[in-house]
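J.: This is the structure I have questions about; it appears just below.
Nothing in this text is a laboratory measurement; each read-out follows from the coordinates by a stated rule. Model, not experiment: these values are computed from the prediction. Cβ sites come from the backbone with ideal geometry, for glycine too, and all protein chains shown count toward neighbours.
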């Protein structure tokens, strides 16, 4: 049977999701845990290839097995074989045609910024630190220009292998609770570093370096140099993945 796992992890200690020959990754640790539990080599396919230092609350991962363990008990058994910073929170059987990437309807990412005069040691792993006071209202105003289907080449880092840079953003919000600014974006899919570049561009709007209406021109330009910088991976979390 084919099983879909919901995996959460703190990405601070890993070189991203995807298995690499010379570095420890989340996929590697998950496959090692599954293989130990099942008594045979198991490989998994993930919904999103999160980068080094990026976190996940609900990464999707699929594997095939003939285990007699009830599907709903797999998380409890598997977590005993995983490090503390990786937790499987759910499991369900899916159809043989199900694919963790191609069956995705949309994904939601969250980016957190600590907007304060000083850094907070407890939040270093989970936020981008910006000292300049951000104008949240201006950032919110800028969000509307991202919505819909656009060519987001200006928000794609070099090294991307995507066949097309056209994506659809369904929602983009900016909220602030005390000193934490939360940028949340839901889309059909995202380009290499796209969310971190969107966050960097919204931060420039908040600092007054860009006007909200500049976003429309930046998107139309398809010029990466026109958008903001790529913020650190620390603040980024894959929050949700919705499937067909």
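J.: At 7 Å along Cα-to-Cβ for each site, give me the label-to-label distance between residue 176 and residue 35 in nm.
T.: 4.9 nm
J.: Still on this structure, I have one more. Under the Kirkwood approximation for Rh and a Cα-based Rg, what ratio Rg/Rh is obtained for the stretch 144-190?
T.: Ratio value, two decimals: 1.06.
J.: Further, regarding this structure: Would you mind calculating the gained length between residue 223 and residue 243 on full extension (0.36 nm times residue separation, minus the Cα-Cα distance), in nm to one decimal?
T.: 4.0 nm
J.: Place the peptides 231-244, 80-93 in order of packing, highest mean first, counting for every residue the other Cβ atoms within 10 Å and averaging per peptide.
T.: 231-244, 80-93
J.: Please check: in the Gaussian network model of the chain (C-alpha springs, under 10 Å), which one of 161, 127, 201 has the largest mean-square fluctuation.
T.: Sorting by GNM fluctuation, first place goes to 161.
J.: Tilt of helix 26-38 relative to the longest C-alpha principal axis of the chain, in degrees (0 to 90, nearest 10)?
T.: Approximately 20 degrees, to the nearest ten.
J.: Measure nothing but the geometry: give the 0 to 90° angle between the long axis through the Cα atoms of 194-207 and the longest principal axis through the Cα atoms of the chain, rounded to 10°.
T.: So the helix axis and the longest Cα principal axis differ by about 30 degrees.
J.: So what's the Cα pair-distance distribution over the chain, bin width 5 Å, in %?
T.: Once binned at 5 Å, the Cα pair distances of the chain give 1, 6, 13, 17, 17, 15, 12, 8, 6, 3, 1, 0.
J.: Between the stretch 201-241 and the stretch 67-142, how far is it from one alpha carbon centroid to the other, in angstrom?
T.: Between the Cα centres of the stretch 201-241 and the stretch 67-142 lies a distance of 21 Å.
J.: Now, a different point. If I histogram all Cα-Cα distances within the stretch 105-243 using bins 5 Å wide from 0, what percent of pairs lands in each bin?
T.: 2, 11, 21, 25, 21, 13, 6, 2, 0
J.: Oh, and also: Name the shape class, rounded, prolate or oblate, that the alpha-carbon gyration tensor gives for the stretch 24-151, where a ≥ b ≥ c are the square roots of its eigenvalues, rounded holds for a/c under 1.5, and otherwise prolate holds if a/b is larger than b/c and oblate otherwise.
T.: Values: a/c = 3.26, a/b = 1.74, b/c = 1.88.
In terms of gyration-tensor shape, oblate.
J.: Using Cα springs under 10 Å in a Gaussian network model of the chain, which residue among 57, 154, 77 shows the largest mean-square fluctuation?
T.: Taking springs between Cα atoms under 10 Å, the residue moving most is 77.
J.: Follow-up question, since we're still on this one. Could you give the length gained on full extension between residue 118 and residue 12, defined as 0.36 nm per residue of separation minus the Cα-Cα distance, in nm?
T.: Using 0.36 nm per residue and subtracting the Cα-Cα distance, I get 36.0 nm.
J.: Per DSSP H run of at least 4 residues, take -39500 (n - 2.57); add these up for the chain, divide by its residues and hand me the 222 nm value, nearest 500 deg cm²/dmol.
T.: -5500 deg cm²/dmol
J.: Per 0.36 nm of contour for each residue apart, how much would the distance between residue 45 and residue 79 grow if the chain were fully extended, relative to their Cα-Cα spacing?
T.: 10.4 nm
J.: Something else: Is the shape of the stretch 2-94 rounded, prolate or oblate, going by the alpha carbon gyration tensor and its root eigenvalues a ≥ b ≥ c, with a/c under 1.5 for rounded and a/b larger than b/c for prolate? If you can, show how the numbers build up before the last one.
T.: On the way: a/c = 1.74, a/b = 1.54, b/c = 1.13.
Prolate.
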